[in-house]
Amino acid sequence: MDAVFRALASESRRRILDIVKDRPGCSVNHVAGFFDESRINVMKHLRVLEEAGLVHSEKQGRTRQLYFNCVPIQMIHERWTTEYSAMWAGRLTKVKYRVETKRGNDG
């Protein structure tokens, strides 16, 4: 679990997870296109995510296809929540997002 928390501590790595989650099977070049930093730095971030089990890559010819693996995050969630608290947390999260969206539309 420490590796997952370390991986998620970086804003760049969280952004990479968002990109890979939104486009399963995307390439390293696709992900690197979202960053101003070098492709090598992006690859270092991907290595940390892979070591934490959050990203899985498959070599396809000369490219690597990237896939998001939510299992480590789910395991953390299950460790500290009960079925009852998860239900309420989900409902409260929906309320939070609605309020924030309404605030953004009123602003």
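The values are calculated or read from the model by the stated rules, or taken from the named source; none is laboratory data. For clarity, every value in this text was computed on a predicted model and none was experimentally measured. Quick reminder, even Gly has a Cβ in these numbers, built from the backbone with ideal geometry, and neighbours come from all protein chains shown. Each accessible area value is taken on the protein alone, full model and side chains, heavy atoms only, with ligands, DNA and RNA left out. Shrake-Rupley method; radii C 1.70, N 1.55, O 1.52, S 1.80 Å.
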Taking 0.36 nm per residue of separation between Gln74 and Asn29 and subtracting their Cα-Cα distance, the length gained on full extension comes to 13.4 nm
Packing-ranked peptide list from 74-81, 9-16, highest mean Cβ count within 10 angstrom first, is 9-16, 74-81
Debye calc, one equal point scatterer per Cα of the range 27-76, no solvent, log10 I(q)/I(0) at q = 0.19 1/Å comes to -0.64
Among Gly33, Gly53, Gly90, the residue with the largest mean-square fluctuation in a Gaussian network model of the chain built from Cα contacts under 10 Å is Gly90
Note to self, the chain gives a 222 nm [θ] from helices alone (DSSP H runs n ≥ 4, -39500 (n - 2.57) apiece, / all residues, nearest 500) of -20500 deg cm²/dmol
Labelled set (1) 16.7, 56; (2) 16.5, 50; (3) 19.7, 73; Rg and Dmax of the Cα atoms in Å computed from this model equals the value at (2)
Any residue on another chain or 5+ positions along whose placed amide H is under 5 Å from the amide H of Cys26 is listed here as Leu66
accessible surface per residue for the chain, probe 1.4 Å, DNA/RNA/ligands not counted, whole Å² -> 74 Å²
On the accessible surface of the chain, probed at 1.4 Å with all protein chains in place, carbon and sulfur together account for a percent value of 52 percent
